[in-house]
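Chemist: Sharing a structure here in structure tokens format.
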Amino acid sequence: MNSPKKSGDAALELAMSGHLLAIARHSDRQAFEALFLHFAPRIKAYLMRLGGDAAGAEELAQEVMTMVWRKAGLYDPAKASAATWIFAIARNRRIDAFRREKHPELDPEEPALRIDEDVAADAALEVKQSSAQVVEAIADLSASERQLLTLAYYEDKSQTMIAAELGIPLGTVKSRMRQVFRKMRDYLTAQTGERP
């Protein structure tokens, strides 16, 4: 004998499948409303459990229900229950959203991605000379000063990390970095004759 809960679950599943079929066959708005009221909050909770925030989960749940409306004709009750079919859509939309977040599409018109076709010869020479002067300025630093620059700019370490690595106080790292920049500025000013 079936328990009342199991027979209730079966009746609910039958009703949800019927709503999906009504949407597919007749674009039945009342059937969609019933599906929406039942599944939208559950989809939102499911998406939040997968690591989404409330606003993002709400937006994705709306997208899922829109897809349910549009794709209801693809639903086959012989292959899956209404809940399984709808939650598969939710899972796929979440995967798509995750891919968009982690790997956004590149816009070929983005100015930062454009390559200057023609760099003027004088501009290229100026960049080359400036680069050479910076290299000379770095070479003019002591070994410990070059080490600070390497840790900060080539290894991308914070001043706190540098202090821990070198075993010196954070304030010392900060004052030494200011001193390094002052020395480089003075060296470059002397080379170019211009005040930065």
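The values are calculated or read from the model by the stated rules, or taken from the named source; none is laboratory data. Owing to the predicted nature of the structure, the values given are computational and were not obtained by experimental measurement. Don't worry about glycine lacking a Cβ; one is built from the backbone with ideal geometry, like all the others, and counts go over all protein chains shown.
Chemist: I need a count of the residues in the stretch 17-74 that are over 27 Å from the mean Cα position of the chain (by Cα) and among the aliphatic types (A, V, I, L, M).
Modeler: Residues in the stretch 17-74 being over 27 Å from the mean Cα position of the chain (by Cα) and among the aliphatic types (A, V, I, L, M): 11 in total.
Chemist: Given (1) under 14 Å from Ala97 (Cα atoms); (2) at pLDDT below 90, identify the lone condition not met by Gln62.
Modeler: For Gln62, the failing item is (2).
Chemist: For the stretch 154-166, enumerate the residues that are part of a helix (DSSP H, G or I) and either at pLDDT below 80 or more than 35 Å from the chain's Cα centre (by Cα) (or both).
Modeler: Residue satisfying the conditions is Tyr154 alone.
Chemist: Under 6 Å between Cβ atoms, which residue pairs at least 6 apart in sequence (or on different chains) link something in the stretch 75-93 that is in the same structural domain as Glu59 (by TED's automatic domain parsing) with a partner that is among the small types (Gly, Ala, Ser)?
Modeler: Pro77/Ser17; Ala82/Ser17
Chemist: Let me ask something else. Please determine whether any residue of the stretch 176-193 is at pLDDT below 85, closer than 30 Å to Asp53 by Cα and not basic (Lys, Arg).
Modeler: No, the conditions are met nowhere in the stretch 176-193.
Chemist: Can you tell me which condition Gly52 does not meet? The list is (1) assigned to a helix (DSSP H, G or I); (2) modelled with pLDDT under 90; (3) closer than 18 Å to Ala88 by Cα, and all the others hold.
Modeler: Unmet condition: (1).
Chemist: Could you please find all residues in the stretch 187-196 being assigned to a helix (DSSP H, G or I), surrounded by fewer than 13 Cβ atoms within 10 Å (Cβ to Cβ) and not hydroxyl-bearing (Ser, Thr, Tyr)?
Modeler: The one that is assigned to a helix (DSSP H, G or I), surrounded by fewer than 13 Cβ atoms within 10 Å (Cβ to Cβ) and not hydroxyl-bearing (Ser, Thr, Tyr): Ala190.
This table checks each residue for (1) modelled with pLDDT of 70 or more; (2) touching a helix residue (DSSP H, G or I) at 6+ places or on another chain (Cβ under 6 Å); (3) exposed (fewer than 12 other Cβ atoms within 10 Å of the Cβ).
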{"position": "Asp118", "(1), (2), (3)": "no, no, yes"}
{"position": "Lys128", "(1), (2), (3)": "no, no, yes"}
{"position": "Glu136", "(1), (2), (3)": "yes, no, no"}
{"position": "Ala139", "(1), (2), (3)": "yes, no, yes"}
{"position": "Ala152", "(1), (2), (3)": "yes, no, no"}
{"position": "Gly171", "(1), (2), (3)": "yes, no, yes"}
